[in-house]
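The values are calculated or read from the model by the stated rules, or taken from the named source; none is laboratory data. Predicted model, so just to flag it, every value in this text is computed and none were measured. A quick note on method: Cβ atoms are made from the backbone with ideal geometry, for glycine too, and the neighbour counts reach across all protein chains shown. We work out accessible area using only protein heavy atoms, side chains counted, and drop any ligands, DNA or RNA first. Shrake-Rupley method; radii C 1.70, N 1.55, O 1.52, S 1.80 Å.
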Amino acid sequence: MPPITLTIAGSDPSGGAGIQADLKTFHQLGVYGTSVITLLTVQNTQRVSRVMPLAPDFVLEQLRAVLEDLPPAAAKTGALGSAALVEAIAGSLGSLSRPFPLVVDPVMISKHGASLIDADARSALRERLLPLAALVTPNLHEASELAGIPVENPAQMREAAARIAQLGPAAVLIKGGHLEGDALDILLHAGTFTEYRSARFQTRHTHGTGCTYSAAITAYLARGLAIKLAIAAAKTFISEAIRTAPGLGAGCGPVNHWATGADSL
C-alpha cells in the first residue's frame, strides 16, 4: 500500500494552489493523499475576490474522520484563515498519541496579495502550531513576519531561521525564491545550515509553488526519506514543475504537477 499523506489547507478552485495542488503533488509522487479543507476561496490565475474560513467544528470533524480511519505517515498545513482554526487544529494534532511528521507552510498572503490569515491567527500559529512542526517552510515575507526582522539576503535568511527555530519547530526552511540569482533555500536543522540551490526560470507561472514544494516534502517524508533528503528531492521536483509550467490562464498560472520526481530522473 502507498504511504498516506494529509493536507490541512484551503481550497483553490483554479486548481493551482492549496488543497488541489497538494493532492496533485501527492499523487504524482506516489503517496495517497487525504485532505481537510479549512477555507474556501474565489480565485483564478488573475485574482482572489473572496476568502471564507470554515467553522472550526466542521474542520475538526473532517480531521477526526481522516485520522480515525486513514492515519497519515506525514502531514502538512497550508492556509488556516483564523485563530480559532489554528487553535483547533493545533489542539487536535498536539493530543495525538502517535504523532507524525508535520510540515507547516505558514501561508499568509496569496500570489495576488490577498490575506489568507488574520493577525490573531498569526500569533496562534507562532505559539501553538510551530512547536508541533517537524519543519516550517516560510518564504521571505513569511519569514520576516515570523522572525520580526527584514529578510532580504542570505545572511538575514539564516538569522530569521535561527529566530524562528526558537519558536519550537524541529527544522526551518527559508525559501528565497524572490532573491536575485539562483533560487536559494536555506535549512536550519539540528544546529546546522544547509543550502539548496536551483536555476531560476523567468516565468510568470508560479502560482502554488509554496504549496507544491511543501506537499512534495511531505510526500517524501511519508516515503521514509530523512528531512534533508526529502527537501533535496522536493527541490528537484518543484524546480522541474516551474521549468515546465504548462502556461495555463491569463495571469499567474500553475506549475506543472505532472513534473518528474527526483527518483525518476
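Okay, here's what the table says:
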| item | result |
| --- | --- |
| Members of region 224-251 that are in contact with a Ser or Thr (Cβ under 9 Å, 6 or more places away or on another chain), open to solvent by 30 Å² or more (accessible area, probe 1.4 Å) and not in a helix (DSSP H, G or I) | T244, G247, L248, G249, A250 |
| Counted residues, region 60-84 - those being in contact with a strand residue (DSSP E or B) (Cβ under 7 Å, 6 or more places away or on another chain), surrounded by fewer than 16 Cβ atoms within 10 Å (Cβ to Cβ) and under 23 Å from A121 (Cβ atoms) | 0 |
| Residue ID - most open to solvent (accessible area, probe 1.4 Å), chosen from residues in region 152-178 that are under 18 Å from T209 (Cβ atoms) and modelled with pLDDT under 95 | H178 |
| Selected residue (criterion: surrounded by the most Cβ atoms within 10 Å (Cβ to Cβ)) from residues of region 179-204 that are touching a strand residue (DSSP E or B) at 6+ places or on another chain (Cβ under 8 Å) and hydroxyl-bearing (S, T, Y) | Y196 |
| Test for Y220: is it of a type outside the set (S, T, N, Q), in a strand (DSSP E or B), open to solvent by less than 40 Å² (accessible area, probe 1.4 Å) and over 22 Å from I109 (Cα atoms) | no |
| Hits in region 141-151 - residues which are of a type outside the set (D, E) and open to solvent by 20 Å² or more (accessible area, probe 1.4 Å) | H141, S144, G148, I149, P150 |
| Cβ pairs under 8 Å, 6+ apart, first in region 69-85 and free of Cβ contacts under 8 Å to residues at least 40 places away in the same chain, second of a type in the set (F, W, Y) and surrounded by fewer than 19 Cβ atoms within 10 Å (Cβ to Cβ) | none |
| Single residue of V48, V103, V36 found to be modelled with pLDDT under 95, open to solvent by less than 60 Å² (accessible area, probe 1.4 Å) and not hydroxyl-bearing (S, T, Y) | V48 |
| Region 1-32, subset closer than 11 Å to P72 by Cα and without any contact (Cβ under 8 Å) to a residue 60 or more places away in the chain, residue surrounded by the fewest Cβ atoms within 10 Å (Cβ to Cβ) | P2 |
| Candidates A21, A79 - the one that is within 28 Å of G249 (Cβ to Cβ) and in a loop (DSSP other than H, G, I, E, B) | A79 |
